[in-house]
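The values are calculated or read from the model by the stated rules, or taken from the named source; none is laboratory data. Remember, it's a predicted structure, so these values are computed and weren't measured experimentally. Methodologically, a virtual Cβ is constructed for each residue, glycine included, from the backbone with ideal geometry; neighbour enumeration extends over all protein chains shown.
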């Protein structure tokens, strides 16, 4: 082993140590040649599967060309941060299925029950970049955390963090899929990590479990049908045909992860940031419907939920309440009364969802 090789190994280990100290569970380093992913990206965009997420198309193939997106980039550091709350018990998937089976309870995706991950990851990625710069000298870099057109799943696979599951999320043999990804584009020729091969085999549990059939083929997601997209990114009325399948999911959806056998290896976070906030712990639809906008903003301060705004929040709740009425959930009459009382003051969009919800009552 040459002195240069030894120094390269030392720097790689140092990067891992710094990342671990910052709360990351794994890091890797990828090359910037993603040309083999361009055809798939173009086909996905041309099919319109990105829905209203125009930012995905706006940058064209720059998403697959890191050196064009950030000139000077020669490597991409990828980082994994687990997000299951620290006290997550064994058998957590079964607990989540039970929550989904209680129509009058509000269900928020696991990743969104704590602090806004954008804030947590971005700050820690920047600290990691600063630490690297201290070690090697001036470093041209840019940090990304689900905030720009980055092919993060492709980069994660090429840098050894995991492979693309058939639900299109990154999967790890050691951690399932319950983690966030972040990237640092750098102009330093760091040692590359070995890529990972896929291990889904013949399993298609995620495809079969998707409530709305959004996984239209293995590794192919139509965001326009995805409950996560509909409750978070979609602006405007939710298509009526998809509302019954939303159940009590008011922000995001975890079904494709709950059925994935690899998530028996999911790791709880080491950070307090992702512990579930009290306001969302076992909350009922009626309790959350009782919030006015001021309380919504106060309770969701520092949460990723805050960014959807109060109107989409009410829209999502109205759909879930309609599904609770259809299921004749305990307290259904009280839910109907709450909806009726809110109808006169509601915006046009929310009012339409209230009307739909009330129409779901037996005999309506």
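Residue by residue through region 320-359, note down the ones that are touching a residue at least 24 places away in the same chain (Cβ under 8 Å) and more than 30 Å from the chain's Cα centre (by Cα).
Of everything in region 320-359, those that are touching a residue at least 24 places away in the same chain (Cβ under 8 Å) and more than 30 Å from the chain's Cα centre (by Cα) turn out to be 328, 330, 331, 332, 334, 336, 338, 342, 358, 359.
Could you tell me which numbered condition residue 179 fails, if it satisfies all but one of (1) over 20 Å from residue 52 (Cβ atoms); (2) more than 17 Å from the chain's Cα centre (by Cα); (3) in contact (Cβ under 8 Å) with a residue 12 or more places away in the chain?
(2)
In the list 336, 346, 266, 318, which residue meets the criterion of being outside the structural domain of residue 221 (by TED's automatic domain parsing) and in contact with a helix residue (DSSP H, G or I) (Cβ under 9 Å, 6 or more places away or on another chain)? Before the answer, list the steps.
Values: 336 fails: outside the structural domain of residue 221 (by TED's automatic domain parsing); 346 fails: outside the structural domain of residue 221 (by TED's automatic domain parsing); 318 fails: outside the structural domain of residue 221 (by TED's automatic domain parsing).
One residue alone meets the criteria, 266.
With 172, 109 as the choices, which residue is surrounded by 19 or more Cβ atoms within 10 Å (Cβ to Cβ), in the same structural domain as residue 79 (by TED's automatic domain parsing) and at pLDDT 95 or above?
Numbers: 109 fails: in the same structural domain as residue 79 (by TED's automatic domain parsing).
Checking each option against the conditions leaves just 172.
Go through region 274-310 and count every residue that is part of a helix (DSSP H, G or I), crowded, with 17+ Cβ neighbours inside 10 Å and without any contact (Cβ under 8 Å) to a residue 40 or more places away in the chain. Talk me through it step by step, then tell me what you get.
Step one: list which residues in region 274-310 are part of a helix (DSSP H, G or I), which gives 274, 278-280, 285-289, 293-299, 304-310.
In the following step, the residues that additionally are crowded, with 17+ Cβ neighbours inside 10 Å were identified as 274, 279-280, 285-286, 288-289, 296, 299, 304-305, 308, 310.
Restricting the remaining residues to those that are without any contact (Cβ under 8 Å) to a residue 40 or more places away in the chain gives 279, 296, 299, 310.
Final tally of qualifying residues: 4.
I need the full set of residues from region 198-221 which are in contact (Cβ under 8 Å) with a residue 24 or more places away in the chain, part of a loop (DSSP other than H, G, I, E, B) and touching a helix residue (DSSP H, G or I) at 6+ places or on another chain (Cβ under 9 Å), in order please.
If the condition is that a residue be in contact (Cβ under 8 Å) with a residue 24 or more places away in the chain, part of a loop (DSSP other than H, G, I, E, B) and touching a helix residue (DSSP H, G or I) at 6+ places or on another chain (Cβ under 9 Å), then 198, 199, 200, 203, 210, 211, 212, 218, 219 are the ones that fit.
Tell me, please, whether a residue that is loosely packed, with under 13 Cβ neighbours inside 10 Å and more than 30 Å from residue 31 (Cα to Cα) can be found in region 194-207. I'd like the intermediate steps shown before the answer.
Initial filter on region 194-207 (loosely packed, with under 13 Cβ neighbours inside 10 Å): 194, 197, 201-202.
Pick out the ones that are also more than 30 Å from residue 31 (Cα to Cα) and you get none.
No, region 194-207 contains no residue that is loosely packed, with under 13 Cβ neighbours inside 10 Å and more than 30 Å from residue 31 (Cα to Cα).
I'm trying to understand the selection: among the residues of region 225-247, which are within 18 Å of the chain's Cα centre (by Cα) and surrounded by 19 or more Cβ atoms within 10 Å (Cβ to Cβ)?
Keep residues of region 225-247 that are within 18 Å of the chain's Cα centre (by Cα), which gives 225-235, 246.
Answer for region 225-247, where residues must be within 18 Å of the chain's Cα centre (by Cα) and surrounded by 19 or more Cβ atoms within 10 Å (Cβ to Cβ): 225, 226, 227, 228, 229, 230, 231, 232, 234, 246.
Taking region 123-165 on its own, how many of its residues are outside any helix (DSSP H, G or I), in contact with a strand residue (DSSP E or B) (Cβ under 7 Å, 6 or more places away or on another chain) and farther than 18 Å from residue 189 by Cβ?
Residues that pass the stated criteria total 9.
Which one of 255, 282 is over 28 Å from residue 223 (Cβ atoms) and either touching a strand residue (DSSP E or B) at 6+ places or on another chain (Cβ under 9 Å) or at pLDDT 95 or above (or both)?
Working: 255 fails: over 28 Å from residue 223 (Cβ atoms).
Every option except 282 fails the conditions.
Could you check how many residues of region 166-175 are out of contact with any strand residue (DSSP E or B) (no Cβ under 8 Å at 6 or more places or on another chain) and more than 15 Å from residue 265 (Cα to Cα)?
1
Is it the case, given these coordinates, that residue 136 is crowded, with 21+ Cβ neighbours inside 10 Å and more than 18 Å from the chain's Cα centre (by Cα)? So that I can check it myself, show each step before the final result.
Details: crowded, with 21+ Cβ neighbours inside 10 Å: no; more than 18 Å from the chain's Cα centre (by Cα): yes.
It is false that residue 136 is crowded, with 21+ Cβ neighbours inside 10 Å and more than 18 Å from the chain's Cα centre (by Cα).
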